[in-house]
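Everything below concerns the one structure shown next.
Bear in mind that the values in this text are calculations on the coordinates, not laboratory data. Remember, it's a predicted structure, so these values are computed and weren't measured experimentally. Virtual Cβ from ideal backbone geometry, glycine too; neighbours counted across all protein chains shown.
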Amino acid sequence: MAQIFHRSINLYSKASIVAVVLLGGAAFAGLFAFERSPYITYQGVTKPQPVPFSHQHHVAGLGIDCRYCHTTVETSNYASIPPTKTCMNCHSQIWTNAALLEPVRDSYRSGRSLVWSKLNDLPDYVYFNHSIHINKGVGCNTCHGPVDKMPLMYAASTLQMEWCLDCHRAPEKYLRPRDEVFNMEYKQPANGEPVSFDGKDYTDQKTLGMALVAKYHLRNVTDITSCSTCHR
Amino acid sequence: MAPENTKREDTCPGKKKTLDVQSLDAKALDLAAVREEIASTSGPEYWRSLEELAGSDEFREMMHREFPKGASEWLDSFSRRGFLQTMGASLALAGMTACTRQPLEQIVPYVRQPEDMIPGRPQFYASATTLGGYASPVLVESHMGRPTKIEGNPDHPASLGASDIFAQASLLNMYDPDRSQTPVYLGETRSWKNFVDQIRTRMAGQRAVEGEGFRLLTGPISSPTLANQIQALLKMYPKAKWHQYSPLHRDNVLAGSMLAFGQAVETQYRLEAADVILSLDADFLSPSFPGSARYTHDYAARRNPDAAMNRLYVVESVPSPTGVKAEHRLSLRASEVEGFARSLAASLGLGGNAADSHFLRAVADDFKAHAGSCVVIAGEQQSPEVHALAHAINAHLGNVGKTVVYTETVLANPVDQTASLRDLTQDLREKKVDVLVILDANPVYDAPADLNFADVVLNSGAGLRLHYGLHQNETAELCQWHVNAAHSLEAWSDGRTYDGSVCIIQPLIAPLYDGKSAHELVAALMGQSTLTGHDILRSYWQGQAKSADFETWWRKTVHDGFVAGTAHPAKAVTPKAGLPPLKAAAAADASTIEVSFRGDPAIYDGSFANNGWMQELPKPMSKMTWDNPGWIGPAYAARTGLKSEDMVTLEIAGRSVQVPVWIQAGHPDNAITVFLGYGRRRVGRVGNGAGFNLYAVRSSDAPWRTTAKITPLAQTYKLASTQGYQTIETATITRPVIREGSLAEYKKKPNFAQEMEDTPERNVTLYPNVDYSDPNYNKLGYAWGMTVDLGACVGCNACMIACHSENNIPVVGKPQVVVGRHMHWIRVDAYYQGDRDNPSASFQPVPCMQCENAPCELVCPVGATVHSSEGLNDMVYNRCIGTRYCSNNCPYKVRRFNFLLFQDWETPQFKMMRNPDVSIRSRGVMEKCTYCVQRITVARIDSEREERAIRDGEIQTACQQACPSNAIVFGNVNDPQSKVSKLKAQARNYSMLAELNTRPRTTYLAEVRNPNSQLESAEHAGVDSAVEQG
């Protein structure tokens, strides 16, 4: 009886085994990548806002401190979006007729709030607290990125759990002295540009980080990776 | 095989009976067998339900299950095939859940942010809630303008930080989506302005006749401002009449005071000074008793066996938490209590004849030995004579001024409310009424049946009947006008607490439905419809304030929540000489049964009927939810063959009602206790149709006690009692989960509770032994732990409602409770011991034990329940996939599973009510007590920011905070100076199921009782309480 399959089929059958593994792997990898893509995380994506507020202009251009608007960032879990009144502190004096600012003036006149789109949006079962991160020396732009270079605001990080754990498992990689937290120009120490802390110059992040961990009484990794640190 | 089976059944009758439900129930009631069983055991034997005591097979099966039968089965009308299809689809998509995109969310900041408002940090405002006219001082937690939790006001002596179930649950009343939302005229929606216009002409007509046809009906009122307004109203309409009625009135207390002193006085007790307390049917440790939060605190403060302990005797007709706490309890029918009081008065030398009994002699001797430091408390439902006798005994023993204080009344105008309502009915019947204004009362539902209030009001021809209240209830249905009320969290008002001090009620939120306060309505009746409640309150207090700078005084008063220095001073009164005359007792009729009426322990007079938290709250003694069966005693049940859940007809003076019965251990024979407040028709989707309306057989001449003909019906009614659920399996004799001893035993062997324990060595485990004081593991060195003092716990359930409110716990509904799917994170178990007709009992609150060697953690396949470095047994809802392995492995049965989507995700009112600091759990997720980890986190972050350690007592769990007796203490067990460490170091401290080596962080302090040796020996000699009754 003649063989049903030609010899060349052997090659195809072997190739198909490899193909299934490869394709399956690719599909899996695709899903992994998809889950981390900006489509899911909104990383780097701007959202429609009532007023095209430019952090670049207000922070880098005018040099306004973060805390002028985000008043509760040192005391509460929320950093706070400023009330319309805060905008009007200046804009009742300057750019009083700018068409762009009409929604702000309208809000102030009518008493109706401006409705902003939330950019850095954690799931509801995650309880994040700004104040403790500020207090332990996590800089604003460590998480929020170069806000002073953003004409329109977007989320600079994925805010996914692996991203949180990256720091919670080794906080020394990111910490900076408390007085540098709000400094948008801050750079991690390098050989040419040391960072001085507690009367000492540090030339690499590792040693500075360890010094900060000790000085600011950071809890152990076992503590800050306990589930109830963020979930309850 | 077959012959062997037959043989087995023959030799094992118990086994056979599982097939036969009828005979199984009969076995549960086999009293003789139970008595024998008790007699044959030597040590203490504890039981929670009568089924457990009888050792029924049904009970044994339940004990071995993780959840009661039915909880984990799919019993709903959804086919198996359909279920598998859905299941398959959800499994296929299970991996995709992580890919969900976050929905677009918005941020809505203020336009002008209020001062002191920090988004994310709650604010607390002092206010008060009222119940039966008496105010409870509270602090209300507000998250960005939404009140989310009610707690006690620690600065006020009537609360000291504790809050009762009614005060806490009133939060849900405010968010009740079934509240009335507009004024209504003949079923049509109207506006407040339209109402004001309409009423103006009507009231002008009444002005012309000096209010001849004007009647005002209110509940009991302690608000000085409202009372002042009503006085002004009566001045404007001099011929008008003000009636007051509340179904759970204190008429007998008032009548007793009139009988004893010839004037109305308020009786306050100073339990911190009382060495011996006798309750004559007074349930003063239950939250509906005015002042109970303070009384419970003072009572519990004297339960420490290392200091001078008090002793409590309770003579009661209805098993109550107060009776549970008694050292010696005498179970009498309500009609027999007066005889006991007279005998006691006689044996104390007040005259009259004493029917001698052992119990009586012991109490009398104890009283004589403690003259001046003892107290008699009479219950609200007892006759005026009993109250007068209590006053006489207290005066005779020199207790007045020491343990008993008399003051002005708390209610602004105390009247005999039954008589007041009867007058009104009479006037309505005689068509004398043209304008009837019903303020926050519901007489159509709760008036005594013999007044026929519904018919009378319908046929009264009154041109304007106005109902004002939170719901369009039964009374609103029969009124032309209904005005929607503002809840006490939405309006300005005031009220007096049990000691007379005035609390200011301030609004936490603008009225959700534009409701008006009672002040605004009364002002409108006087033609001052533009006045706001705030204006009215302020202008009244402007006249009262004894301060030159009113603004400062007012701001401080509102801030503190009460007007300083307004507590009533003691008043010198002396009881009239001689004892109250004996009333001829009705001849006992063998064919009848004595009926006692009581307010429901959870839904009160029916005003909490639409409150899911309260409906689902297991009532202290029966652990009944969602229903109000009549209680009968085990002896009566044995005699008549009645079983729990059997329906009976009660016939009282020609009116009858059908009600299921419940056999309640400790209930007196030949009596039935029924509870008011259920069977409502028009209250809302939660309360409509739940339970049975007992107002239908209550009459105005015998509001608390009467006799009835009882006829069993060949019908049963399913009840949802959680009493037998979550039963813990242990050797009840050698290592009971509840441990108690007498003071003498304690003095001899302080560690008697620990001696029952068999804790394995710390290293007897295959798992790594964690050292929670190692700074490399746990940097800040906190190890959270809790103690629960069983001696102090009075079973008031305040912790359960506090937990419900704090942790966003869903309400599941009666059918789900029946199958055991209720969600309470903390439960209060009641354990009984001894004779079913007069058992001694104990309460045991059971939250998650936060075991160090937690059995639940080892079996979770996805790591959804894991240990934190501070020793908390964390529950990660977003990881949980619902295998339920953890609850299967929990020996304490404290884990709760969302079998269905129990949480209401849609209703906007409930969204506002939720605590934003706690996740809302969905279907298929396990949940449990977390020691209020959200509060721990806030305190830890605050302390770290301030670079200090968390202070002892800085973190209070919700249950601890609500507890009036300070039975629950939470803190850092690594700190030897913390309060919890000191309690854990006491000899009374023991762990539940320590032999399992779970190392629970929650431990118990064994209860120590202080029995009278005179009675104790008698009880051991077998003197039955029934003998005492003769």
Taking B:Arg639, B:Arg190 and counting other beta carbon atoms within 10 angstrom, the fewest-first order is B:Arg639, B:Arg190
Of all DSSP beta bridges having both residues in the protein assembly as shown, the percent classed as antiparallel (nearest 5) is 60 percent
In terms of the charge dipole of region B:740-1009, which places +1 on Lys and Arg and -1 on Asp and Glu at the beta carbon, the residue among B:Asn873, B:Val918, B:Gln961 farthest towards the positive end is B:Val918
Two pseudo-spin positions, 7 Å from Cα along C-beta at B:Arg429 and at A:Ser8, lie apart in nanometres by 11.0 nm
If every Lys and Arg gets +1 and every Asp and Glu gets -1 at its Cβ, then about the Cα centre chain B yields a dipole, in debye to the nearest 20, of 1440 debye
With only helices counted (DSSP H, runs n ≥ 4, each -39500 (n - 2.57)), the per-residue ellipticity at 222 nm for chain B, to the nearest 500, works out to -8000 deg cm²/dmol
Once normalised by the length of chain A, the mean sequence separation of its alpha carbon contacts under 8 Å that are 6 or more apart gives a contact order in percent of 21 percent
In chain B, taking the dipole from +1 charges on Lys and Arg beta carbons and -1 charges on Asp and Glu beta carbons about the Cα centre, the listed residue (B:Phe692, B:Met203, B:Thr640) farthest towards the positive end is B:Met203
Along the dipole axis of chain B (charges at Cβ: +1 for Lys and Arg, -1 for Asp and Glu; origin at the Cα centre), the most positive-end residue among B:Ser1013, B:Gly401, B:Phe453 is B:Phe453
Summed over the other residues with a beta carbon less than 13 angstrom from that of B:Pro768, with K and R at +1 and D and E at -1, the charge totals -3
Relative contact order as a percentage, region B:740-1009, C-alpha pairs under 8 Å and 6+ apart, gives 32 percent
Inter-part gap, Cα centre of region B:615-631 to Cα centre of region B:294-359, in whole angstrom, is 25 Å
Here the percent of antiparallel bridges among DSSP beta bridges lying wholly in chain B, to the nearest 5, is 60 percent
The long-range amide H neighbours of B:Asn688, using H built 1.01 Å from N in the peptide plane and a cut-off of under 5 Å, are B:Val683
Ranked from fewest to most other Cβ atoms within 10 Å of their own Cβ, B:Thr425, B:Thr765, B:Thr625 fall in the order B:Thr765, B:Thr425, B:Thr625
Scalar couplings 3J(HN,Hα) for region B:247-260 by Karplus 6.51 cos²θ - 1.76 cosθ + 1.60 (θ = phi - 60°), nearest whole Hz, x for Gly and Pro, are x, 9, 6, 10, 4, 5, 5, 5, 4, x, 5, 4, 5, 7
Rounded to the nearest 5, the percent of DSSP beta bridges in region B:266-407 running antiparallel is 20 percent
Computed about the Cα centre, the charge dipole of the protein assembly as shown from +1 Lys/Arg and -1 Asp/Glu charges at the Cβ has a magnitude in debye, to the nearest 20, of 2240 debye
Non-local residues with an amide H under 5 Å from the amide H of A:Tyr202, with H modelled 1.01 Å from N and Pro and chain starts lacking one, are A:Val195, A:Ser196, A:Phe197
In region B:227-288, the trypsin sites (Lys or Arg not before Pro) that sit in a DSSP loop and have at most 12 other Cβ atoms within 10 Å of their own Cβ are B:Lys239
Too long for a 29 Å Cα-Cα cut-off, among B:Lys402/B:Lys556; A:Lys149/A:Lys206; A:Lys85/A:Lys215; B:Lys402/B:Lys982; A:Lys118/B:Lys911, are B:Lys402/B:Lys556; A:Lys85/A:Lys215; B:Lys402/B:Lys982
The ³J(HN,Hα) series, computed from each phi in region B:887-896 with the Karplus coefficients 6.51, -1.76 and 1.60 at θ = phi - 60°, rounded to the nearest Hz and given as x for glycine or proline, is 6, 4, 9, 8, x, 8, 6, 10, 8, 10
Mean separation of Cα contacts under 8 Å (at least 6 apart) over the residue count of region B:592-721, i.e. the relative contact order in percent, is 37 percent
Answer check: region B:740-1009, Cα atoms, Kirkwood Rh, Rg/Rh ratio of 0.96
Residues B:Ser656, B:Ser246, B:Ser357 in order from fewest to most other beta-carbon atoms within 10 Å are B:Ser656, B:Ser357, B:Ser246
About its Cα centre, chain A carries a charge dipole, from +1 on Lys and Arg Cβ atoms and -1 on Asp and Glu Cβ atoms, whose size in debye to the nearest 20 is 480 debye
